Amino acid sequence: MQYQWDFSLIFDNLPVLWRGVVVTLHLAAMCLLAGLALGFVIALMRLSKFAAARVFGRAFVEFFRNVPALIQLIWFYYAFPILIGAQMSPFMAAFLGITLNTAAFSAEIYRAGIQSLERGQWEGAMAIGMGRAQILRRIILPQVFQRMLPAFTNRAVEVAKVTSLASVISVQELMYQGRLLSSTYYRPLEILTAVGFIYLIVIYPLSLASMLMERRMARNQ
Amino acid sequence: MPYEWDFLAVLAQWPLLLSGLLGTIKIAVIAIAAGVIVGGLVAAMRLSRLWPVRLLGTIYVDFYRNTPGILHFFWFYYALPVLSNVSLGPLEAAALALATQSGAFYAEVFRGGIGSIRKGQWEGAKALGMIRGQALRRVILPQAARRMIAPFTERSFEIIKTTSLASTLSYGELLYQGMMVASITFRPLETYTLLALIYFALLFSLSALAKWGESRLQAY
Amino acid sequence: MTGPILRTMDLRKSFGELEVLKGIDLTVEPGERIAIIGGSGSGKSTLLRCLNFMELPTAGRVELDGALIGQVQTARDGTERITYAERALTQVRRRVGMVFQQFNLFPHMTVLQNTMEGLITVDRMPRQQARERAMAELARVGLAEKLGAYPSQLSGGQQQRVAIARALAMQPEVLLFDEPTSSLDPELVGEVLRTIHTLAEEGRTMLLVTHELGFAYRFATRVLYLYDGLVHEEGTAEQIFRAPQREKTRAFIERSSEFSL
């Protein structure tokens with residue numbers, strides 16, 4: 001027997017899916033911004049002259065990269081509130097988990113970018129009396145920012161995908177709405193397939209941008 | 001009142017955690033093995049001389065790269081049976097989801113490794129009278145293999161971490177068993193902290209092992 | 001009567017197990033031009049890089065204009081160690097200019113921006129004033145026409161002259177040249193050496209590490225021959241090049257085939 005596809009309920013439920021997309025984008029954008037900012041601090045710690053800061057930065061990166069993101073979300077939702085003795089909304093738990101995860105990965109992007117610049121650039125700036133912070137801000141970062149851009153865009157792709165895990169702790173983003181609809185209508189095939197295509201539409205432009213940037217940089221070399 | 005930690009209550013449930021760990025290792029091994037096969041096929045498609053085959057390979061990779069993993073778990077578990085009348089158990093569905101998506105990522109590792117070999121190597125092999133397959137097997141792959149080790153290891157680690165998503169299909173891997181432990185002991189803080197540490201220990205020791213292995217392979 | 005501008009006492013530097021400088025005593029009077037020569041591995045570049053603290057000395061003292069750089073700390077057993085605070089070193093580097101073998105220009109800045117950078121970020125000089133100073137220094141090295149160019153658009157010789165202008169703009173009390181022509185194509189060496197020579201005529205205090213012995217001969221008021229981390233022989237250019245007293249010095253001068261007086 002041929003399966004009768006029924007995509008009409010997708011169109012009927014577009015507003016629900018759209019609400020999910022908005023939450024997904026909202027969560028992804030917040031986690032990306034906060035993760036990039038925190039990641040920069042962690043990268044500075046990893047490059048610090050103080051051993052204690054280096055050890056902490058290294059431990060942070062290794063820990064969050066070597067533990068599944070889903071565990072991090074669940075930990076922040078179920079375990080962290082016990083530790084601080086306060087309730088935590090699913091959105092907040094997801095935000096914290098994904099942000100720390102993103103920070104660990106982006107710290108490595110910053111670090112690799114900063115270290116990719118020849119030592120001579122530091123020395124040239126030191127020789128005219130510039131301090132470390134000045135050198136980083138005026139000499140190093142402007143040169144490596146462009147090199148890091150594709151990696152950051154890739155990170156944005158990963159963040160957008162990781163937000164789907166928040167459905168497990170009931171954040172009402174796209175994946176959550178998809179699961180809810182598919183169990184309500186007993187139409188998992190149409191709904192999950194449609195959700196897949198919605199993710200593709202949202203995320204693919206980012207991948208494309210990163211690919212084009214990489215290609216242009218390769219050509220300019 | 002400060003929280004009183006009690007890891008002993010959680011550790012008392014070690015048989016559950018151990019079976020979870022074994023479940024994680026089992027599905028990771030299956031997914032990596034199957035993923036390598038899928039990845040090899042997709043990489044071959046992407047390097048094909050026929051453009052429709054290349055296009056198909058590209059679509060496959062782009063699709064998996066731009067959709068979240070958890071979706072594929074649900075799709076294979078809930079949606080595929082509707083389409084094919086084949087009902088999959090949690091392990092089969094999770095392993096299929098992992099293998100197909102890791103296949104896409106491994107394909108990129110293989111293709112990247114082969115692409116990184118200079119054109120002169122192909123030309124040198126051709127000048128000796130080798131055909132494409134021979135050149136690939138005898139000249140290109142031996143050189144490319146070494147460059148693939150690091151990205152291959154990285155991808156495999158991602159797969160091991162992604163196995164935790166199988167818990168959403170009630171497959172008894174580490175996270176799922178951990179959830180059971182948390183609900184038995186009413187100690188989610190200790191349980192999930194312990195889970196994180198177990199994953200960390202597993203992956204960190206594997207990565208140390210991989211680094212050691214890689215350094216041993218630096219022959220030239 | 002002023003004292004020496006720069007002075008080192010028993011200066012030592014090790015990289016791990018390897019001791020590169022084994023105790024250098026050096027006194028530089030204002031207006032002196034010192035050429036430092038020696039084979040590879042003799043420690044000549046390391047010595048220069050210790051003078052503006054690109055490398056931190058392992059032991060010994062450096063004095064700039066009579067003031068000791070760093071803080072002396074006396075351990076319980078009476079041994080002295082010198083610790084260096086980053087801020088103090090930054091100030092020393094501000095006063096001691098350096099020109100590198102690899103130029104180390106900032107590729108994302110124009111020639112003018114490169115030359116103004118230190119004045120603006122370190123000296124907090126108003127932009128207009130910094131611009132005038134930078135333009136004057138660029139004119140001095142013959143690059144007044146290239147203000148808006150990026151380093152990648154210049155020849156190696158021009159890039160090195162920008163680097164010299166960038167150092168000059170800070171009005172350093174001492175100028176260090178670390179093999180400034182070693183990475184240049186042979187036909188570009190002359191223009192850089194001529195630029196350095198005009199600075200010599202202005203009476204600046206300069207130290208130069210170089211393989212260009214012919215230039216060292218014409219340039220230097222004093223020559224140091226370094227061997228195995230020590231000053232093996234020193235004297236006027238005439239003494240070192242025409243009548244070296246020690247065997248190793250003589251062998252080095254003879255071996256350097258490009259040297260023609």
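At a glance:
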| item | result |
| --- | --- |
| The protein assembly as shown: calculated mean residue ellipticity at 222 nm from DSSP helix runs of at least 4, using -39500 (n - 2.57) | -19500 deg cm²/dmol |
| D_trans [Stokes-Einstein, Kirkwood Rh over alpha-carbon pairs] for the range A:1-45, 20 °C, 1.002 mPa s, µm² s⁻¹ | 157 µm²/s |
| Alpha-carbon spread of chain A, three principal axes, descending order, Å | 76, 51, 27 |
| Calculated over the protein assembly as shown: convex hull of Cα atoms, volume per residue (Å³) | 247 Å³ |
| Most mobile of B:THR67, B:THR162, B:THR58 in a GNM of chain B (Cα contacts under 10 Å) | B:THR67 |
| Cα convex hull of the range C:171-256 - mean projected area over all directions, nm² | 6.3 nm² |
| Which of A:MET88, C:MET170, B:MET45 is most accessible, then next, and so on - probe 1.4 Å | B:MET45, A:MET88, C:MET170 |
| Residues of the range A:9-220: accessible area per residue with a 1.4 Å probe, Å² | 43 Å² |
| Label-to-label distance, nm, for residues given as A:VAL22 and A:GLN4 (7 Å Cα→Cβ offset) | 3.4 nm |
| Computed FRET value (nearest 0.05) for A:GLN115 with B:LEU50, which takes r as the C-beta separation and R₀ as 30 Å | 0.10 |
| Local net charge near C:ARG49, Cβ-Cβ under 15 Å (Lys/Arg +1, Asp/Glu -1) | +1 |
| Net charge, A:PHE197 excluded, C-beta distance under 14 Å - Lys, Arg +1, Asp, Glu -1 | -2 |
| Environment charge of C:ILE5, counting only residues whose C-beta is closer than 14 Å and scoring Lys/Arg +1, Asp/Glu -1 | 0 |
| Per residue value of the accessible surface for chain C (all protein chains in place, 1.4 Å probe), Å² | 46 Å² |
| Net charge dipole size for the range B:7-218 [Lys, Arg +1 and Asp, Glu -1 on Cβ; Debye, nearest 20] | 1140 debye |
| Carbon and sulfur %, accessible surface of the range A:9-220 computed with the full protein complex present, 1.4 Å | 66 percent |
| Residue order for A:PHE145, C:PHE15 - accessible surface, 1.4 angstrom probe, largest first | A:PHE145, C:PHE15 |
| Linear extension gain, A:LEU33 paired with A:ILE82, 0.36 nm per residue minus alpha-carbon span | 14.9 nm |
| Where a label projected 7 Å from the Cα of A:SER170 along Cα→Cβ would reach, residues of the range A:92-107 with amide N under 14 Å | A:92-94 |
| Overall form of the range B:16-113 per C-alpha gyration tensor (a/c, 1.5; a/b vs b/c) | oblate |
| Members of the range B:179-215 that become less accessible by 30 Å² or more once partner protein chains are added (1.4 angstrom probe, chain alone as reference) | B:PRO188, B:LEU189, B:TYR192, B:ALA196, B:TYR199, B:PHE200, B:PHE204 |
| Carbon and sulfur %, accessible surface of chain B computed with the full protein complex present, 1.4 Å | 68 percent |
| Whole-angstrom Cα spans of the range A:1-121 along principal axes, big to small | 67, 42, 29 |
| Spacing of the two label points (7 Å from each Cα toward its C-beta) at A:ASN220 and A:SER89, in nm | 4.1 nm |
| Top positive-direction residue, dipole computed over the protein assembly as shown with Cβ charges, set C:GLN71, B:SER48, A:LEU206 | B:SER48 |
| Heavy-atom accessible surface that B and A bury in contact, both chains counted, 1.4 Å, Å² to 100 | 3300 Å² |
| Chain C - percent of accessible surface contributed by carbon and sulfur, probe 1.4 Å | 46 percent |
| Principal axes of the range C:53-102: Cα extent on each, largest first, Å | 43, 22, 18 |
| Contour excess over end-to-end distance, with Cα ends at C:GLN171 and C:ALA59 and 0.36 nm allotted per residue | 37.4 nm |
| Rounded, prolate or oblate (a/c below 1.5 giving rounded, otherwise prolate when a/b exceeds b/c) for chain C by Cα gyration tensor | oblate |
| Computed accessible area, C:ASP25, all protein chains, 1.4 angstrom probe, square angstrom | 100 Å² |
| Number of partner chain Cβ atoms within 10 Å, mean per residue of B:70-80 | 6 |
| Per-bin percent of Cα-Cα distances, the range B:7-218 [10 Å] | 8, 27, 30, 20, 10, 4, 1, 0 |
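The values are calculated or read from the model by the stated rules, or taken from the named source; none is laboratory data. Every value quoted in this text rests on a predicted model; they were computed, and no experiment measured them. Here the Cβ is made from the backbone with ideal geometry for all residues, glycine too, and neighbour counts use every protein chain on show. Just so you know, the surface numbers come from the protein's heavy atoms only, side chains and all, with ligands and any DNA or RNA stripped out. Shrake-Rupley method; radii C 1.70, N 1.55, O 1.52, S 1.80 Å.
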